[in-house]
Amino acid sequence: VIDIRKLYAQTGAFTYDPGFTSTASCKSDITYIDGDEGVLLHRGYTIGELAEQSNFMEVCYLLLNGELPTADELDTFTHTITRHTMVHEQLATFFRGFRRDAHPMAIMCGVVGALSAFYHDSTDIHDPAQRVIASHRLIAKMPTIAAMAYKYSVGQPFLYPDNSLSYTGNFLRMTFGVPAEPYVVNPVVEKAMDRIFILHADHEQNASTSTVRLAGSSGANPFACIAAGIACLWGPAHGGANEAALNMLREIGTVDRIPEFIARAKDKNDPFRLMGFGHRVYKNYDPRATVMQTTVKEVLGELGVTDPVFDVAIELERLALSDPYFIEKKLFPNVDFYSGVILSAIGFPTSMFTVLFALARTVGWVAQWNEMITDPDQKIGRPRQLYSGAAQRDYAPIGTR
Ligand code: ACO
């Protein structure tokens with residue numbers, strides 16, 4: 001049935017590569033990863049330097065434009081993003097259509113997709129100016145939508161953006177502030193949150209980014225493409241992993257139970273995996289996890305939180321990294337291993353973790369989508385398949401089956 005020669009004749013080449021482990025679907029100037037060395041560069045700058053010295057607005061500018069901004073360029077960009085933080089009043093009615101206990105990611109998939117119904121004037125993908133406006137709108141409105149998803153889930157009124165605050169400070173206020181009460185942004189928490197956004201801003205052709213590109217390759221509008229990316233990100237093997245990692249750490253509960261869970265992760269008959277461990281590309285320490293580990297300590301110290309889960313995480317990492325199974329398979333903590341501990345200390349419920357990831361990754365999705373549209377080699381994405389079903393056969397009328 002599988003006629004490889006015919007496929008070869010049709011295409012000139014045929015590769016069977018489930019999960020695209022060794023097939024590049026595009027070329028890109030945005031992000032570089034050396035998984036063996038644990039290196040992640042955005043437009044040539046290391047993630048460590050960006051997380052330490054830069055801020056999320058600057059990283060957004062860098063990802064979108066290819067160069068770090070001058071002070072004036074950064075001011076203008078920040079001002080533009082700030083101007084777009086409001087969402088259409090009617091969008092609030094969308095939220096009210098969801099069950100009160102809906103998962104915030106379910107709400108995000110629907111509401112972000114619905115943006116294309118509100119912003120018809122920036123959906124012509126062939127007009128560079130409209131692409132810029134759509135990109136700015138998406139980056140700017142995502143914190144507002146994410147905060148609204150949170151407020152809806154806890155039954156509190158939505159807060160309008162306060163554009164005197166930073167991008168991250170504004171998001172924290174819209175999420176945790178209460179109407180008519182002043183909200184003071186904690187600078188340590190603001191810095192930590194901003195750093196988490198930087199760490200999640202882009203990661204080359206991961207599953208959700210590839211989804212955005214694939215959706216965009218048909219000419220779909222940017223809002224629909226980002227909604228597709230959000231849907232893909234929701235899976236526990238991708239953006240849902242930080243939620244799953246924290247749930248796992250809580251389930252382990254105490255340091256003495258760690259060996260039991262390590263044994264389960266190694267057992268081929270048990271589907272259990274150590275969540276927050278392993279990565280398709282990193283076969284060394286994920287450089288983002290290093291920054292996360294430092295940030296956890298800062299946030300827990302600032303907030304005076306003593307969370308036993310953090311002790312479990314540290315000890316689990318130590319034991320796993322000295323275990324031959326994890327050493328041989330090159331399984332190291334990834335960015336999601338510690339992020340849940342920080343987000344929980346800040347006050348986010350686990351159901352919001354992937355929403356925060358989506359918020360931060362929007363700039364990467366948008367930058368990659370823009371790059372794809374302007375790539376002269378761009379074609380509609382259309383993977384081939386290796387057919388393994390029935391050969392041609394005669395239709396049997398229902399009475400004879
Ligand atoms: N715990 C235990 N064993 C693992 C783990 C883990 N977390 N991850 C991989 N392995 C084992 C697999 O069982 C497999 O063993 P085998 O060779 O004996 O069959 C081997 O390591 C390779 O695993 P694959 O699933 O083939 O590797 P792949 O590159 O496809 O998967 C993935 C990467 C999905 C991230 C995987 O490591 C995993 O499921 N990790 C847990 C979920 C997670 O943390 N995801 C977050 C990823 S980062 C992000 O999205 C931001």
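At a glance:
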quantity	calculated
Selection from region 151-169 of residues that are polar (S, T, N, Q), over 18 Å from Val185 (Cα atoms) and more than 21 Å from the chain's Cα centre (by Cα)	Gln156
Any hit, region 357-369, residues being farther than 30 Å from Glu260 by Cβ, at pLDDT 90 or above and among the aromatic types (Phe, Trp, Tyr)	yes
Residue within region 377-392 that is in a helix (DSSP H, G or I), away from the ligand (no atom under 16 Å from the Cβ) and surrounded by fewer than 22 Cβ atoms within 10 Å (Cβ to Cβ) present	no
Every pair of residues 6+ apart whose Cβ atoms lie under 7 Å, when the first sits in region 222-251 and is modelled with pLDDT under 90 and within 11 Å of the ligand (Cβ to nearest atom) while the second is among the β-branched types (Val, Ile, Thr) and not in a loop (DSSP other than H, G, I, E, B)	Gly239/Thr354; Gly240/Thr354; Glu243/Thr350; Glu243/Thr354
Hits in region 252-262 (condition: more than 12 Å from the ligand (Cβ to nearest atom) and either within 20 Å of the chain's Cα centre (by Cα) or not small (Gly, Ala, Ser) (or both))	Ile252, Thr254, Val255, Asp256, Arg257, Ile258, Pro259, Glu260
Any hit, region 144-160, residues being surrounded by fewer than 22 Cβ atoms within 10 Å (Cβ to Cβ), of a type in the set (Val, Ile, Thr) and not in a helix (DSSP H, G or I)	no
Selection status of Phe77, touching a residue at least 40 places away in the same chain (Cβ under 8 Å) and of a type in the set (Phe, Trp, Tyr)	no
Only listed residue being surrounded by fewer than 19 Cβ atoms within 10 Å (Cβ to Cβ), among the aliphatic types (A, V, I, L, M) and within 27 Å of Arg195 (Cβ to Cβ), chosen from Leu359, Leu303, Leu331	Leu303
Counted residues, region 334-356 - those being crowded, with 24+ Cβ neighbours inside 10 Å, of a type outside the set (A, V, I, L, M, F, W, C) and under 19 Å from Arg100 (Cα atoms)	1
Test: residue in region 68-84 that is under 15 Å from Val132 (Cα atoms), among the hydrophobic types (A, V, I, L, M, F, W, C) and over 22 Å from the mean Cα position of the chain (by Cα)	yes
Residue in region 263-286 that is nearest to the chain's Cα centre (by Cα), counting only those that are more than 9 Å from the ligand (Cβ to nearest atom) and either of a type in the set (A, V, I, L, M) or surrounded by fewer than 13 Cβ atoms within 10 Å (Cβ to Cβ) (or both)	Pro271
Pair list, Cβ < 7 Å and 6+ apart or interchain, from region 271-292 residues that are without any contact (Cβ under 8 Å) to a residue 40 or more places away in the chain to residues that are more than 7 Å from the ligand (Cβ to nearest atom)	Phe272/Arg264
Residues located in region 209-243, provided they are closer than 23 Å to Thr290 by Cβ, under 10 Å from the mean Cα position of the chain (by Cα), buried (at least 19 other Cβ atoms within 10 Å of the Cβ) and not hydrophobic (A, V, I, L, M, F, W, C)	Thr209, Gly239, Gly240
Asp194 being assigned to a loop (DSSP other than H, G, I, E, B) and modelled with pLDDT of 95 or more	no
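The values are calculated or read from the model by the stated rules, or taken from the named source; none is laboratory data. Model, not experiment: these values are computed from the prediction. Note that each Cβ is placed from the backbone with ideal geometry, even for glycine, and that neighbours are counted across all protein chains shown.
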